[in-house]
Amino acid sequence: MGAGHSHAHGHGGTATAAHRGRLLVALSITLLVLVTEVVGSALTDSLALLADAGHMATDAAGIAMALIAVHIASRPASERRTFGYARAEILAAVINAVLLFGVGAFIFAEGVNRLISPQHFDGGATIVFGLIGMVANSVSLLVLMGGQRESLNVRGAFLEVMADALGSLAVVVAAGVFLATGWRQADAVASLLIGLLIVPRTWRLLREAVDVLLEAAPKDVDMAAVRHHIEGLKGVEGLHDLHAWTITSGMPVLSAHVVVSQEVLDEVGYEKMLHDLQGCLGVHFDVEHCTFQLEPAGHAEHEARLCH
């Protein structure tokens, strides 16, 4: 008997697109702080302030890439790209992470150099510029907080701004230590701390983005629990070829071949069985885009013989 049946829901905009306004506000604030800190570094000769400005530059580039990716991802699907361009957001997250690693390496190199050869800097002015950065970054954090759990790009921007806020705090503390003790290496130590703030968060962002590109199961979907729920439905006798992956942030996808009792199919019908399966995944696991193939017992062995 024929066994190919599927059930799926369409998908709308991506998770990042829903927070485009937040990203635009964060970008504007980041650019403003970037210019302020570059000017401040030139006036004070503070490496920590320049390091924070460099991180700001990559933040601005990352947020700009995220916004460009949102625009690209909004393009409709085609016969060749059936999911459209949604993955553009994930590629932007990867590029952003690579840029951040580059900035981290630069900051570490310069910090070590200044530890060896410390330079004088204007502590009072550095504190002023550092406080400006702290206030602006705190505003950006509040703006991005609402979307950072839903989108990798927004989360990336949130983590970067958080590192910036902590970096600005390090700048202020280093300048205060210098004014109080005259210890010039405080500036270099602060820049190294900023580098340490960048690397682990960047690694997590890159790892999550690569997981999406490698089509790993969504981290918040327990595949064993999914299998248990499906196999617990009335009439389900088996399950194979169960796959789950993420197209982009907020767009998990699942497909499975479900072996169903012919008696139950005759009783409730294919449509009711598919609705039950879809409801199970949508309610318990928040996976709305699902495709199921209903099969009678023995069909999997039949497919295996055809493949060989």
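So which GluC sites (Glu not before Pro) in the stretch 187-245 are both in a DSSP loop and have at most 15 other Cβ atoms within 10 Å of their Cβ?
Answer by residue number: Glu215.
May I ask for the longest run of the chain untouched by trypsin sites (Lys or Arg not before Pro) that are loop-located per DSSP and have at most 14 neighbouring C-beta atoms (other than their own) within 10 Å?
1-79
Considering only DSSP beta bridges with both partners in the chain, what is the antiparallel share in %, to the nearest 5?
The answer is about 55 percent antiparallel.
In the stretch 39-141, which GluC sites (Glu not before Pro) fall in coil by DSSP and have 13 or fewer other Cβ atoms within 10 Å?
Hits after loop and neighbour filter: Glu79.
Ratio of the stretch 18-97's C-alpha Rg to 2.2 N^0.38 Å, to two decimals?
That ratio works out to 1.40.
At q = 0.12, 0.14, 0.18 Å⁻¹, what is the base-10 log of I(q)/I(0) for the stretch 50-165 according to the Debye formula with one equal point scatterer per Cα and no solvent? Please give it to two decimals.
Values, matching the q order: -0.54, -0.69, -0.97.
For Gln119, what is the net charge nearby, where nearby means another residue's Cβ is under 15 Å from its Cβ and Lys, Arg count +1, Asp, Glu -1?
That sum, taken over residues with Cβ under 15 Å, equals -2.
Reported to two decimal places, what Rg/Rh ratio describes the chain when computed on Cα atoms with Rh from the Kirkwood expression?
Dividing the radius of gyration by the Kirkwood radius yields 1.17.
Hey, can you list the DSSP H helices of the chain whose Cα span along the axis is 24 Å or longer and whose average Kyte-Doolittle score is at least -0.5?
20-44, 47-73, 88-116, 123-145, 152-181, 185-213
Over the stretch 157-233, what lengths in whole Å, largest first, do the semi-axes of the equivalent ellipsoid take, defined as the square roots of 5 times the eigenvalues of the alpha-carbon gyration tensor?
45, 11, 8
Give the distance, in whole Å, between the Cα centre of the stretch 227-267 and the Cα centre of the stretch 60-107.
After rounding, the separation between the Cα centres reads 32 Å.
Mind listing the Cα extents of the stretch 81-144 along all three principal axes, in Å, largest one first?
The Cα atoms of the stretch 81-144 stretch 59, 30, 10 Å along the principal axes, largest first.
Computed over the Cα atoms, what is the radius of gyration of the stretch 157-293 divided by 2.2 N^0.38 Å, N being its residue count?
Normalised Cα radius of gyration, the stretch 157-293: 1.77.
None of the figures in this text is laboratory data; all of them are computed from the coordinates on show. For clarity, every value in this text was computed on a predicted model and none was experimentally measured. Don't worry about glycine lacking a Cβ; one is built from the backbone with ideal geometry, like all the others, and counts go over all protein chains shown.
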